[in-house]
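The values are calculated or read from the model by the stated rules, or taken from the named source; none is laboratory data. Since this is a predicted model, take the numbers as computed values, not measurements. Note that we place each Cβ from the backbone using ideal geometry, even for glycine, and neighbour counts take in every protein chain shown.
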């Protein structure tokens, strides 16, 4: 009876959370890193996760047919699948991407500043051709505004195209993957960071510096390049 009451309270709290889930999105920035990345994962694969709810019924059916430890495993998996699928259903249809912050779980993202001179400040770099090749290869291109940006991801790659007409600061925090920062010739790049396993290369050459970009990074495993 005590266990039944405990589970009843748990399901009531989960139901209340799901009712108000779509209004709790602004509070994600206050959660620990691993929970925010979990929500970023749900946002990123929302259409797929919305469709896996029937899998929880299949697992529940197996739980009825089997006994012992295997039954408990099936019940646990059925609960997890149903919970994640329902969260994907009730959350709004956009990811954790804002003007000053980009978060994603797994994937490849290209970040480009909007409202500026575009690629006019680049010397000897065919930005349009490169951008088109990234787009054709399925990379997600995100335009941002402002002078500061935070990027967090678990695994994947981040390519940042710095603007040529303003001073900016970029902070990148990743787990496993690759970070590439492309800077125009008129931008001086100040870099500091921590790389666990991998290598760092700074190939950027400044000509007639007019603006400054401050780049800070924290990457567990991978490669960091400044071009």
Pairs with Cβ under 9 Å, 6+ apart, first in region 62-78 and outside any helix (DSSP H, G or I), second exposed (fewer than 13 other Cβ atoms within 10 Å of the Cβ): none
Residue among 62, 83, 53 that alone is over 27 Å from residue 155 (Cβ atoms) and either surrounded by fewer than 17 Cβ atoms within 10 Å (Cβ to Cβ) or at pLDDT 85 or above (or both): 62
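Residue-by-condition table, conditions (1) at pLDDT below 85; (2) assigned to a strand (DSSP E or B); (3) buried (at least 16 other Cβ atoms within 10 Å of the Cβ):
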| residue | (1), (2), (3) |
| --- | --- |
| 129 | yes, no, no |
| 133 | yes, no, no |
| 146 | yes, no, no |
| 153 | yes, yes, yes |
| 166 | no, no, yes |
| 173 | no, yes, yes |
| 194 | no, yes, no |
| 197 | no, yes, no |
